[in-house]
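Here's the structure we're looking at; comments come further down.
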């Protein structure tokens with residue numbers, strides 16, 4: 001069996017970038033991008049007869065993102081169907097084969113990428129410590145496709161240091177759209193299909209000027225206080241009121257920067273009647289008092 005088998009008749013509208021070896025070596029020596037950088041990328045629309053077989057895998061991560069149609073992926077004895085809206089990351093050195101469905105061939109955006117954080121990126125994308133054997137479904141995003149096109153078009157301009165930096169520094173943001181689609185996809189929040197935790201955060205943001213309680217937040221999303229508290233901490237790593245106080249202090253920093261309000265007036269704007277409690281809360285999070293924060297930022301305001 002040959003180490004690499006490829007079958008293809010070419011696809012109308014296909015695009016591919018192959019990074020030269022000397023440029024790959026250059027990326028390895030650039031500290032800002034040596035952790036993750038692109039070695040090959042492409043777009044295959046309606047890729048009928050698309051097929052690859054690699055009995056020993058390759059030395060880079062392979063990322064397959066299907067946006068239309070369907071295909072399949074073979075990993076050892078495991079065969080997966082890859083549907084539109086699904087992404088899969090294949091670890092370096094993994095024997096595999098994949099191809100387009102004969103009746104409804106896939107459209108895929110794909111990458112090969114390398115770097116010191118390859119395995120960590122696979123774990124994050126596949127949501128498993130050692131990768132996974134199930135494709136990950138993500139909402140479609142025009143912004144994600146625009147990012148892909150931006151990276152591709154940057155490489156078309158050549159492999160100058162500035163182009164390598166821009167395209168490869170964009171790669172982690174592109175991967176974040178798969179790892180945390182709920183943060184990336186703005187329309188999810190707008191459509192009302194957001195999670196209870198995100199709904200609670202929206203409620204907090206809308207009520208930063210009020211002294212809301214844990215019960216208020218839980219009631220706003222129709223959950224019991226105990227269940228909500230557990231779910232929120234599981235999702236964010238913070239207790240709800242602790243998270244709310246972080247948002248309040250963020251707002252306080254803005255007010256200290258951009259207004260002439262006194263410290264006690266800033267506290268009042270955040271629904272905190274006791275300026276001494278506000279100062280303690282601020283210092284606990286920011287490491288300095290509100291007054292010292294203003295001074296350290298060179299902001300000349302009334303105290």
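Each row is one residue, and each column tells you yes or no for (1) out of contact with any helix residue (DSSP H, G or I) (no Cβ under 8 Å at 6 or more places or on another chain); (2) in a helix (DSSP H, G or I).
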| site | (1), (2) |
| --- | --- |
| 194 | no, no |
| 198 | no, yes |
| 201 | no, yes |
| 212 | no, no |
| 218 | no, yes |
| 231 | no, yes |
| 235 | no, yes |
| 242 | yes, yes |
| 247 | no, yes |
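Which residues, counting only those in the range 259-278, are within 34 Å of the chain's Cα centre (by Cα) and more than 24 Å from residue 203 (Cα to Cα)?
Residue satisfying the conditions is 259 alone.
Given the criteria under 23 Å from the mean Cα position of the chain (by Cα), within 22 Å of residue 167 (Cα to Cα) and free of Cβ contacts under 8 Å to residues at least 24 places away in the same chain, does residue 92 qualify?
no
Of 136, 125, 108, 82, which residue is touching a helix residue (DSSP H, G or I) at 6+ places or on another chain (Cβ under 7 Å), over 19 Å from residue 27 (Cα atoms) and crowded, with 19+ Cβ neighbours inside 10 Å?
Every option except 125 fails the conditions.
Is it the case, given these coordinates, that residue 280 is surrounded by 14 or more Cβ atoms within 10 Å (Cβ to Cβ) and without any contact (Cβ under 8 Å) to a residue 60 or more places away in the chain?
When the stated conditions are applied, residue 280 does not pass them.
Laboratory data are not the source of any read-out in this text; all were calculated from the coordinates shown. The shown structure was predicted, so the numbers you read here are calculated from the model rather than taken from an experiment. Every residue, glycine among them, receives a Cβ derived from its backbone with ideal geometry; neighbour counts consider all protein chains shown.
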